[in-house]
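Notes follow once the structure below has been shown.
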Amino acid sequence: MEWPTGTGKTISTPMKLRDAQLSDLDLLQYWDSKPHVVAAMGDDEGWDWPAELGRRADWLDMLIAEEDGRPIGFIQIIDPACEETHYWGASGPAFAPSTSGSVRRRISGAVSAPG
């Protein structure tokens, strides 16, 4: 990932994605309390992180992004055609499985660095 430094140069560091775990609970709740995350949530209710982190489904990935071993954000990847609440609405042909059996996925999430 490249980050601008304000000097016209960029810093490039590798980003790692790992499965979110129950051990990430305090961090995720902290990020959820940050004003920019609260503002982005709008009228949506907050997440029940203990329940969400315990979920396992083949249409769902919950990932923590890390840079140099430091968590910098959360990413949720879903197949909206299989997600049971249909929060994203009807999923049309753009999300249908391809002939190879793979499913296109939509990425949602908030990247937030602590601090």
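Annotations for the structure displayed:
- Cross-chain or 6+ apart pairs with Cβ under 9 Å, region 57-84 first and touching a residue at least 12 places away in the same chain (Cβ under 8 Å), then basic (Lys, Arg) and not in a strand (DSSP E or B): Trp59/Arg105; Asp61/Arg105; Met62/Arg55; Ile77/Arg105; Ile78/Arg105; Asp79/Arg104; Asp79/Arg105; Pro80/Arg105
- Counting only strands (runs of 3 or more DSSP E) that sit wholly inside region 39-115, those with at least 2 residues that are modelled with pLDDT of 85 or more and either surrounded by fewer than 10 Cβ atoms within 10 Å (Cβ to Cβ) or not hydrophobic (A, V, I, L, M, F, W, C) (or both) are 60-67, 70-78.
The values are calculated or read from the model by the stated rules, or taken from the named source; none is laboratory data. Model, not experiment: these values are computed from the prediction. When we count neighbours, we look across all protein chains shown, and the Cβ atoms used for this are built from the backbone with ideal geometry, even at glycine.
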